[in-house]
Structures are given as C-alpha cells and as structure tokens.
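The values are calculated or read from the model by the stated rules, or taken from the named source; none is laboratory data. Source: prediction; values computed, not measured. As a convention, Cβ positions derive from the backbone with ideal geometry for all residues, glycine included, and neighbour counts pool all protein chains shown. Protein only, heavy atoms only, side chains kept; ligands, DNA and RNA dropped before computing areas. Shrake-Rupley method; radii C 1.70, N 1.55, O 1.52, S 1.80 Å.
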Amino acid sequence: MIKGIKNESKSSLFSVMNRLIFIMVSSLFLVACGGGSSSSNDDDQEIPADPARGEFKSISSKTANSITDIQTAINVAGGQNITVQYAVDTYKIEYMTVDSSGELILVSGMIAIPAKSSPSPIISYQHATTFTNDEAPSEQLTPSEKSIEIALASLGYIVFSADYIGFGSSLGVDHPYLQKDTSAYTVTDMLKASKTWLDTTSIQSNGQLFMTGYSQGGYVTMAALQDYQANPQQGMDVVTAVMGAGPYNLNLALNELVEENLGFSIPTINLPGDLADGIVSIIESAFIPQDADVGYETTFLDRFLENDRQDNVHDWKPNVPVTLFHGEDDETVPIISSESTLSTMLALGADIELIKCTAVPSGHKDCVPEYVELVVQIFGGLRND
C-alpha cells in the first residue's frame, strides 16, 4: 500500500570512497533503494513567504472508484485489515509553491474524496521515495496496491497527497530530496490550495486534520507539521500526527550508517572539497535506477559532508500528540533517528511516544503493514465524524 516500498581496494582512500558511496546510497533512507541525481543549491538559501504560495490553480475532472475495485486492490496489497466503506472520487490538483531557490513553481498532488454526505476528517499523507513519475500520487487516481490514499479515503477520510517537486506537473525539475523547507512548503501549500478548492464545492470537512507518512514521507510530515504549526490554516486543526521510520535527525542517522560500516564520523574527518564532490558525482551516475525519470538534488549530501544541520526536523516542540513508529532492525533508516527525536522532544515538553514495530525481522519494508494498521487505529480512535 505504500509507494516505492521500492570490493576492497589496495588504496585505502579508494576503499573508503567505494564503501561510503555504497552506504550513502544503498542504505540511505530510500524505501526503494536508490541515490541522488543532480546538483545542489546555496546551503543558506532563504525561501521568502510569497502571497502566491498555496494558490489554487486547477483541478481535474473526477475519477470514480468503486468499493469493489478498491477492496480488490487492498486485498492484493495484503489487506492490512482494511474493509472499504465508501466509493472514492479522485482528482489531480495543481497549485503554487516555491522550489529550493525560492522561485515560484507549479506543482500537483492528489485529492481523494469518499462518497459520503456527512462531513469528513482530512488526512495529509506524505508518500515515500520513488524514482518514477508514474508512482506520484496524481498518477495513481485509480486503485492499485500502491494507492494508500484511496484506501484511506475509502474509510471516510478526505485525503490530500502532494506529488512533491519534480513529480507530476513539475516533472523535469530535480526533486529537492530531504530538504526541510521545500519538503514542508510543498505540503502546507497543498493544504491551503486544497482547502480553497473544497470551499467552492459541496464537499464538507469536519475541521479535523491528521498527518502521516513513512520513510521520506515521515520526514516530510515532520517538516510540514512544524511549518503548519507556525502558519495554520483556518478550518483545519491538526489533531495528531503519526510518522513511520523517518530520518528526522538527518545528520545523526547518516552518521550512524557511516560509523557502523566505516568506524568513523564523516563530519570529523574534514573531507577535501574535490573528494566530497567526487562522492556526490559518483552517486549521481552510478546508483540512479535505470528506469528513473525523476532527477534528485544532492544538496542533503553536500550539507551532510559539511556538517550542516539545517535540514534536521527533530529539535522543536509539537503542540499536538505525535506518534513515532520504527523497527529496531531497520538498516535503511536507523532507529536511532526516532530515539533521538523522542528524547529531544520529550525534553522540550512534547506529547510524543515511540512505538516499536513487532514484525520479525523488523526491517524497513517489513514494518510497512504494521505502520498502516497503526495509522488506521490511531486516527480512527480520534475522528469525530
């Protein structure tokens, strides 16, 4: 149901490079193994608030999905104890946000609406990593084993799901992977645009907003929650957020991967610029899947190698309950990221808990079904429709 839950050298320097590249790419926070693509932007780029951010631009005609078709897709995906309650209409929405250079850009996402007459709570769902545009939410308007948005909507939720920059209507622009600000704005601007559109229709929400995502989607959810808390939208109040296996403390999680495999911390060895650039370049050319049609900015790697911590999303206090979910056997995103987030936020006075995956083994992919069930359980116990 979740998208994308897709040699030693005689020279010691060359050996370090090879092993570092392998770690960063094959183990680096990708629900489907992968790496990065094109180049970075200025590290300290300030992204201005712009009145056109979040502006609604267009909506597609609806795609109607029957209860039978949705349930069949859910069953093929493994069920996750979901019994469809409503048919679902899906739409592609276009809206404005800003890219990593602070420029306005037209982007897109999916809206899924349950066929019910009473007001519905809203879920903001953030998808996991994918390298192909056909797995973007707005390209998944019919039921499939990957369309968790439709599955959640079939339970009576209105679901908003951003494609992210580089997908959908912004295909051809490199995706600003694991960058805090653009990750947040792509989601919060969609919330604003989607609410604008809803207000022009007969579709009713009950004012409740739930937020969730897994892996990269967990990271994006945390970034978006922080931004939304500072800049809330009238008529949508966050009730709670559930995040699965995300690299919230990004630098710590990356360092953990490197130290486990190399025995030292990258930011402490002061890599020469040419070596750092070489690492990033080789990642770009060697580890993008052959069928990839989406480019990735590598700014997050540049910042990590410089010990720049601006993209961490763990060091703040949410004002709503937060549930973290993670598996102890996760070798893609080490659980230390969630443990660090838990301890940091508890010290700040947050209402937060960490639930550990019970699957055996509790690896990154192994825990996805349990994550979905947890989301349904927690949100279902708090909805008031």
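Tabulated values for the structure
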quantity: Where Ser15 falls short, out of the listed (1) over 16 Å from Leu178 (Cα atoms); (2) part of a loop (DSSP other than H, G, I, E, B); (3) open to solvent by less than 30 Å² (accessible area, probe 1.4 Å); (4) at pLDDT below 95; calculated: (2)
quantity: Any chance Thr358 is among the hydroxyl-bearing types (Ser, Thr, Tyr), in contact with a helix residue (DSSP H, G or I) (Cβ under 8 Å, 6 or more places away or on another chain) and within 18 Å of Thr240 (Cβ to Cβ); calculated: no
quantity: Close pairs from segment 91-114: first farther than 21 Å from Asp134 by Cβ and charged (D, E, K, R), partner modelled with pLDDT of 95 or more and open to solvent by 10 Å² or more (accessible area, probe 1.4 Å), Cβ under 7 Å, at least 6 apart; calculated: Asp99/Ile105; Asp99/Val173
quantity: Failed item in (1) open to solvent by 20 Å² or more (accessible area, probe 1.4 Å); (2) at pLDDT 90 or above, with Met243 passing the rest; calculated: (1)
quantity: Boolean, Ser170 is within 20 Å of Ala241 (Cβ to Cβ) and either of a type outside the set (D, E, K, R) or open to solvent by less than 10 Å² (accessible area, probe 1.4 Å) (or both); calculated: no
quantity: Subset of segment 350-385 [under 22 Å from the mean Cα position of the chain (by Cα) and among the charged types (D, E, K, R)]; calculated: Asp351, Glu353, Lys356, Lys365, Asp366, Glu370, Glu373
quantity: Neighbours by Cβ (under 7 Å, 6+ apart or cross-chain): first from segment 51-66, farther than 19 Å from Leu191 by Cα and assigned to a strand (DSSP E or B); second open to solvent by 60 Å² or more (accessible area, probe 1.4 Å) and modelled with pLDDT of 95 or more; calculated: Thr63/Thr142; Asn65/Thr142
quantity: Scan of segment 353-373 for residues that are of a type in the set (A, V, I, L, M) and open to solvent by less than 20 Å² (accessible area, probe 1.4 Å), ordered by number; calculated: Val368, Val372
quantity: Restricting segment 198-247 to residues that are hydroxyl-bearing (Ser, Thr, Tyr) and touching a Leu at 6+ places or on another chain (Cβ under 8 Å), the residue that is nearest to Phe379 (Cα to Cα); calculated: Thr240
quantity: Among (1) more than 23 Å from Met211 (Cβ to Cβ); (2) open to solvent by 20 Å² or more (accessible area, probe 1.4 Å); (3) of a type in the set (Phe, Trp, Tyr) - the single one Phe131 does not satisfy; calculated: (2)
quantity: Selection count, segment 290-341, where residues are closer than 30 Å to Gln208 by Cα, among the charged types (D, E, K, R) and within 17 Å of the chain's Cα centre (by Cα); calculated: 1
quantity: Test: residue in segment 91-100 that is farther than 21 Å from Leu191 by Cα, among the aromatic types (Phe, Trp, Tyr) and open to solvent by 10 Å² or more (accessible area, probe 1.4 Å); calculated: no
quantity: Candidate set from segment 80-90 (those that are open to solvent by 10 Å² or more (accessible area, probe 1.4 Å) and at pLDDT 95 or above); member that is nearest to Arg53 (Cα to Cα); calculated: Asp89
quantity: Residues (open to solvent by 40 Å² or more (accessible area, probe 1.4 Å) and assigned to a helix (DSSP H, G or I)) located in segment 188-208; calculated: Lys192, Thr196
quantity: Top-ranked residue in segment 298-338 [being assigned to a loop (DSSP other than H, G, I, E, B), among the hydrophobic types (A, V, I, L, M, F, W, C) and touching an Asp or Glu at 6+ places or on another chain (Cβ under 8 Å); ranked as farthest from Leu382 (Cα to Cα)]; calculated: Ile335
quantity: Matching entry among Tyr248, Tyr185, Tyr228 (being in contact with a helix residue (DSSP H, G or I) (Cβ under 8 Å, 6 or more places away or on another chain) and assigned to a loop (DSSP other than H, G, I, E, B)); calculated: Tyr248
